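Can you read through this structure? Questions will come right after.
The values are calculated or read from the model by the stated rules, or taken from the named source; none is laboratory data. Everything numeric in this text was worked out from a predicted model, so none of it was measured. Cβ placement follows ideal geometry from the backbone for every residue including glycine, while neighbour counts extend to all protein chains displayed. Please note that ligands, DNA and RNA were not included when accessible areas were found on the heavy atoms of the full protein model with its side chains. Shrake-Rupley method; radii C 1.70, N 1.55, O 1.52, S 1.80 Å.
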Amino acid sequence: MAGVATFDKHPSDILKIGKGFSLKDLDPGSTPGYAGDKADGETLLAELDDKLSRLQEKLFAESRFGGTKRILLVLQAMDTAGKGGIVTHVMGAMNPDGVQLKSFKAPTPEEKSYDFLWRIEKEVPAAGMVGVFDRSHYEDVLIHRVHRWAKPEELERRYRAINEFEARQTAAGTKIVKVMLHISRDEQKERLLARLDDPAKLWKYSSNDIKERAFWADYMDAYQKAFDKTSSELAPWHVVPANRKWYARIAVQQLLLQALEGLKLEWPVSDLDVEMERELVERS
């Protein structure tokens, strides 16, 4: 793309966590692999919308002829980190008919009566779909660890169950893209204040966010443990610095593009007699 600033290293290479990764060492305000500014990033995001939409259409079309491939984007973050912005500005380029979005809230009494993955299993994307989990099964090893709602041995069981669940999904044709949007505590404070100052954003504000801020260090430790226990070859974690919203959006867009390209999608070959159908159309 002539004239458009692009990544000098792909986000999948520089944001995928590896052995020895430490969340404490990653600057939430950085823009790894990208030297452009906000305007450049917004231009890049718009430039690649059509490519993302085209690949999604190919995924959907392939499934109509027996294809089993699908994408699952798992978004985890502290409140105000920008999950909604990813859904709006990145997923918004896609045809909504091919997107399955699920926002997991606190479990209902019925959901609590089952194992924690019960409600998750029901929401996995169908073949040909791009699924998005706004929060996910990871809440059951994050907040439960922070507030000690689950015993250590139960948390260990859940880490194993998550790995098994993601392996099953991969075997069924799901490409899992796991993203943690990483913001700083100070940045969250600024965003919470901005919500209080803007009538159009006030509805997003929750006093519970203030309560959870007191456990910031515990949440960072819980995320680190989740990365250590559940980042695998099949479903690696990517930690995206998110103090700059525009950077987080182009990084996630790049991760989705690579995931879709990696599926080696093909347009379905129809068994229609095209010439005969053309004649029928012309006569109609």
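Is it true that residue 114 is open to solvent by 60 Å² or more (accessible area, probe 1.4 Å) and among the hydroxyl-bearing types (Ser, Thr, Tyr)? Reasoning before the result, please.
Values: open to solvent by 60 Å² or more (accessible area, probe 1.4 Å): yes; among the hydroxyl-bearing types (Ser, Thr, Tyr): yes.
Judged against the criteria, residue 114 is a match.
With within 30 Å of residue 18 (Cβ to Cβ) and exposed (fewer than 13 other Cβ atoms within 10 Å of the Cβ) as the only criterion, which of 198, 221, 228, 186 stands out?
None of the others qualify; the one that does is 186.
Next question, about the same structure. Would you mind telling me which numbered condition in (1) of a type in the set (Gly, Ala, Ser); (2) at pLDDT below 90; (3) surrounded by 10 or more Cβ atoms within 10 Å (Cβ to Cβ) residue 207 fails?
(3)
Restricting region 1-54 to residues that are acidic (Asp, Glu) and assigned to a helix (DSSP H, G or I), which is surrounded by the fewest Cβ atoms within 10 Å (Cβ to Cβ)?
This residue is 25.
Does any residue of region 62-73 turn out to be in contact with a strand residue (DSSP E or B) (Cβ under 6 Å, 6 or more places away or on another chain), surrounded by 13 or more Cβ atoms within 10 Å (Cβ to Cβ) and polar (S, T, N, Q)?
No.
Hey, among 123, 110, which residue is part of a helix (DSSP H, G or I) and without any contact (Cβ under 8 Å) to a residue 24 or more places away in the chain?
110
If you don't mind, there's one more thing I want to ask. I'd like to check something: does region 238-249 contain any residue that is without any contact (Cβ under 8 Å) to a residue 12 or more places away in the chain, under 29 Å from residue 155 (Cβ atoms) and either open to solvent by 50 Å² or more (accessible area, probe 1.4 Å) or not basic (Lys, Arg) (or both)?
For region 238-249, residues without any contact (Cβ under 8 Å) to a residue 12 or more places away in the chain, under 29 Å from residue 155 (Cβ atoms) and either open to solvent by 50 Å² or more (accessible area, probe 1.4 Å) or not basic (Lys, Arg) (or both): absent.
In region 135-143, is there at least one residue being modelled with pLDDT under 95 and surrounded by 12 or more Cβ atoms within 10 Å (Cβ to Cβ)?
Yes, that holds for at least one residue.
Now for a different question. Output the number of the condition that residue 76 fails; it satisfies all remaining conditions of (1) touching a strand residue (DSSP E or B) at 6+ places or on another chain (Cβ under 9 Å); (2) open to solvent by 50 Å² or more (accessible area, probe 1.4 Å).
Condition (2) is where residue 76 drops out.
Could you list all residues from region 135-189 that are over 22 Å from residue 78 (Cα atoms) and among the small types (Gly, Ala, Ser)?
Those that are over 22 Å from residue 78 (Cα atoms) and among the small types (Gly, Ala, Ser): 161, 167, 171, 172, 173.
Restricting attention to region 207-256, which residues are in a loop (DSSP other than H, G, I, E, B) and closer than 14 Å to residue 183 by Cα?
Scanning region 207-256 gives 242, 243, 244.
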